[in-house]
1. Can you confirm whether Gly218 is modelled with pLDDT of 75 or more, in a loop (DSSP other than H, G, I, E, B) and touching a Leu at 6+ places or on another chain (Cβ under 7 Å)?
2. Name every residue in region 364-423 that is closer than 15 Å to Ala446 by Cβ, among the charged types (D, E, K, R) and touching a Pro at 6+ places or on another chain (Cβ under 7 Å), in order of residue number.
3. Would you be able to tell me the number of residues in region 235-256 that are at pLDDT 85 or above and out of contact with any helix residue (DSSP H, G or I) (no Cβ under 6 Å at 6 or more places or on another chain)?
4. Suppose we keep only residues that are in contact with a helix residue (DSSP H, G or I) (Cβ under 6 Å, 6 or more places away or on another chain) and in a loop (DSSP other than H, G, I, E, B) within region 185-206. Which one would you say is farthest from Ser94 (Cα to Cα)?
5. Within region 358-371, work out how many residues are open to solvent by less than 10 Å² (accessible area, probe 1.4 Å) and outside any helix (DSSP H, G or I).
6. So, in region 31-63, exactly how many residues are of a type in the set (A, V, I, L, M, F, W, C), in a strand (DSSP E or B) and at pLDDT 75 or above?
7. Provide a single number: the residues in region 424-443 that are more than 31 Å from the chain's Cα centre (by Cα) and of a type in the set (Val, Ile, Thr).
8. Among the residues of region 408-448 satisfying the criterion of being in a helix (DSSP H, G or I) and of a type in the set (A, V, I, L, M), which is surrounded by the most Cβ atoms within 10 Å (Cβ to Cβ)?
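The values are calculated or read from the model by the stated rules, or taken from the named source; none is laboratory data. This is a predicted model, so every value here is computed, not measured. We place every Cβ from the backbone using ideal geometry, glycine too, and count neighbours over all the protein chains shown. We work out accessible area using only protein heavy atoms, side chains counted, and drop any ligands, DNA or RNA first. Shrake-Rupley method; radii C 1.70, N 1.55, O 1.52, S 1.80 Å.
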Amino acid sequence: MPAVSEPDDTFHGVTKDRIAFVCSACGQRLSQWTGRCPGCAAWGTVDQTAGAVAGAGRDVVRPVALHAGEDEPRIRTGVPGLDRVLGGGLVPGSVVMLAGPPGIGKSTLVLHLLGALVGAGTPCLLVSGEESRAQVASRARRLRIPVDDVGFAPGRDLDVVLDAARASRPAVLAVDSIQTLRDPQGAAMPGGVTQVRLCADALVGLAKAEGITVLLTGHVTKHGDLAGPRALEHAVDVVLAFEGDARSGLRVLSSGKNRFGAEGETAWFEMGPHGLARIDPTAMLVPGESAPGSAVAVVQAGRRALAVEVQALVGSADGAGRRQVTGLEPRRFQLVAAVLDRATGLPLGRADLFGASSGGIRVDDPASDLAVAAALASAATGSMPPAGAAFVGEVSLNGSLRPAPGMQQRLAAARGAGCTSVFAPGPAEAAPAGVIVHSVGHVTQALGWAISGTATTRRARAS
């Protein structure tokens, strides 16, 4: 008796459709219907769909040898500082995420980028789900950005965006923003986890298949995280953070994840009547001439380091002392003042103390404690800090100093600001040329130029 073969899902090489079930909330595929998705635990989201049997009737992909060829040609942006942050320019077929809080200037930076690219003969397409064509054109005209040759398409429907990109074949596609884009096949609202993931995956596929560089803008939450799924950062090639201080107009663009360049590169801009202009923050944040009551801190925000001058003023020492700061963290300022009063003998307990950061930039890095202590000691004694000195270190309650992470970046930033010496705890780091690292373990060691013998006198009295 002939053997009975098992039925298969192909007929003359053609794959039959097999019924499948897909969760509309998280996209997980199931072999049978269930009321609750085992992936995201959502009820009533599993729907029936038709899908092909994987592996049947397909062309076999042959592996090829992986060898190191020449570097990919870069697309120069023409925006000062942006090419350096990107690692040399835009890589064709890459996906770049520009993340920042609402209103920081992401759309303005994109307009500057597209205007510079089309001016150099690079075809670009802008799709916007936040503004209409007339609104974008009006803002570009007000900022005097030449964008007449930039293509425009509505950016709220994913299918419209993909069709417009395939039809116009731009070198760079800018999507403003990923949170306003919606895939009609998904049931969720725009900006949700499912929609952002679906739209980002489709745009990544477009970039890799068509060789189009895709620039996405995305909003961040109040905690600084990218709004939407955290996995979106893993899907793109480059993540750029755009941050700033609304009071001063300063903006900083920094590279986080970068598959085509070094991480941590920064470029500084200032928002003005004609948009964003690149600036050198050193002259604004570290004045060339110092005075008693000022010291240079080297702070780290994310993956970047920056030299900032902190200032202190010590008033009369009668009655209950006031504490007022601008740009500094109030609690850490009070803690450092209390430690100095106890460990060095400086009369700060009842004095009026005021602190500020240069340019109004927010300084909340614990490693700025030693610079705040140096500024307070200088203001209380009238002694100047050593010429060209910067201070890095966290001050503990007993006056000892804790090392700070990212010292190599901090030392490079100190050198860029013109500092020739750095007071820091821990073993001496391999400093760049022209910078000397002074290893200190206690606040009295770092401030010996100001307190002279007062620390010893205070400890003798306490004993």
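1. On the way: modelled with pLDDT of 75 or more: yes; in a loop (DSSP other than H, G, I, E, B): no; touching a Leu at 6+ places or on another chain (Cβ under 7 Å): yes.
Judged against the criteria, Gly218 is not a match.
2. Glu394, Arg402
3. 6
4. Ala188
5. 1
6. Here the count works out to 2.
7. 2
8. Ala414
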